[in-house]
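Down below is the structure, laid out as structure tokens.
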Amino acid sequence: MPIKNRFAETHAEITAWRRHLHQYPELQFDVHETAKFVEERLREFGITDITTGIGQTGVVAVIEGRNNSSGRTVGLRADMDALPITEATGLDYASKVPGKMHACGHDGHTAMLLGAAQYLAETRNFDGRCVLIFQPAEEGGGGGNEMVKDGLMERWGIDEVYGMHNMPHYPVGQFAIRKGALLAAADQFDIVIEGQGGHAAAPHEAVDSNLAAAHVLIALQNIASRNVDPVKQVVVSVCTLRSDTDSHNVLPQTVRLRGTVRTLDEDVRDLAEARLRDIATHTAAAHQCRAEVDYERGYPVTVNHDAETDFAADIAEKITPGVWRDTPPIMAGEDFSYMLNERPGAYMMIGNGEEGATVHHPKYDFNDEAIPAGCSWYAEVVETRLKAG
């Protein structure tokens, strides 16, 4: 089973949907126009069982197979939101919204799931139910968790769930996956260090919070190098260091450090948080400062289930031979993790081409040549898992 012929025929149409979405990006839960576009396309396909407003602005639609003797329901998920980045691609269909762009390919994910929905609604060559999940707020808002909390799995009786993400620097249309932890838990921290401000010419009369912050920043790297088992992954990144003054001759009273901690294991996650708190507090104290730590746990680890990963890879192998079944873990976070914590399933990566910018870059663009393979994978997951007798 190579690329389905139907997707070769509809490739231009799906590409047009993708490029329309690309021109009108929306952020987090404010995806009202995107959700409206999705709903309109679904109704054009003859799908009538559509519910909006799940997880605030998500869309859920049901396609019934020719039969339902299996009593099984498979969920397919795509994310809809964009990023607060100013686009620099110069494309004819570049973002028309200042300061916003689809820099992670969610426009492509949404278009591919719409393409699969069109085909599945036409053919209905499966025994059971397919639930289409169009999710808001993957980029930091936790829309996947909000949809789960709105009863996504229970209300639609989903037995297993599958999702897909484009992967820059992989051959276009090539698939990659791994069992177990695929993407990291993504936590964030905010450390406020309080010293005593003063004149730069008289540091002995002040307590230098900048110096304390610099030592904290360096010491936090000990978590990876000296606290965590070397065969396990952790990334501690201080991304912002800012004092309460921009002056050349004032020692600040307060300095703030902000960043993220990314892990692939819950025990390592617990250890990293505990060490971050201790290091910040005691290093600041050693420099006569006080440190307050606000540590917020974000998306959990995205863990692919073993049997479902094998199944997803087998489907991909039929479409584009040479699936990478043991792709290295990725330290980015993904809120599809909440859905995989509720139901068995798998998250698949699809190549976006070996050239071009990576995700979250102002020159990134989803590769429309990946559309037929992605649509075929979505559709074949349903037709094979719910094989009609």
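The values are calculated or read from the model by the stated rules, or taken from the named source; none is laboratory data. Bear in mind that the values here come from a model prediction, so they are computed numbers and not experimental data. No Cβ is skipped: glycine too gets one built from the backbone with ideal geometry, and neighbour counts run over all protein chains shown. Calculation scope for accessible area: heavy atoms of the full protein, side chains included, ligands and nucleic acids excluded. Shrake-Rupley method; radii C 1.70, N 1.55, O 1.52, S 1.80 Å.
Taking a straight line from the alpha carbon of K232, these lysines sit under 30 Å away, with near neighbours fewer than eight places off in the same chain left out: K179. Close amide-amide hydrogen proximity is noted between G198 and L251, each under 5 Å apart and 5 or more residues distant or on a separate chain (H modeled in the peptide plane; Pro and chain starts excluded).
Pairwise alpha-carbon distances in segment 72-164 exceed 17 Å for 57% of all pairs. Note on R258 and D278: their simple-model spin labels are 2.8 nm apart, each label 7 Å out from Cα toward Cβ.
Neighbours of D187 by Cβ distance under 15 Å: Lys/Arg scored +1, Asp/Glu scored -1, total -4. In this label model, A12 and T123 are separated by 2.2 nm, measuring between points 7 Å along each Cα→Cβ vector.
Counted over segment 174-329, the DSSP beta bridges are approximately 95% antiparallel. Normalised per residue, the accessible area of the chain is 41 Å², obtained with a 1.4 Å probe and no contribution from ligands, DNA or RNA. In this label model, S247 and R290 are separated by 2.2 nm, measuring between points 7 Å along each Cα→Cβ vector.
Within the same chain, aspartates and glutamates fewer than 8 places from K96 are excluded, and of the rest, those with a Cα less than 12 Å from its Cα are E26, E87.
Our note on the geometry: Cα centres of segment 321-370 and segment 120-155, 18 Å apart. Each principal axis of the Cα cloud of segment 181-221 was evaluated for its coordinate range; sorted largest first, these ranges are 52, 16, 10 Å. Starting from the Cα gyration tensor of segment 248-305, take the square roots of the eigenvalues, sort them a ≥ b ≥ c, and report rounded, prolate or oblate (rounded when a/c is under 1.5, otherwise prolate if a/b is larger than b/c, else oblate). Here segment 248-305 falls in the prolate category. The reciprocal of the average 1/r between distinct C-alpha atoms defines the Kirkwood hydrodynamic radius, which for the chain equals 22.4 Å.
Computed from the C-beta positions of A202 and H360, the FRET efficiency with R₀ = 51 Å rounds to 0.70.
Full extension of the chain segment joining D92 with R66 gains 5.2 nm, where the gain is 0.36 nm per residue of separation less the Cα-Cα distance.
Residue pairs exceeding 23 angstrom between C-alpha atoms, taken from K4/K36; K318/K363; K318/K387: K4/K36; K318/K363.
Report, to the nearest whole %, how much of the accessible area of the chain belongs to carbon and sulfur atoms, 1.4 Å probe, protein only. Looking at the chain in its full context, I get 47 percent from C and S.
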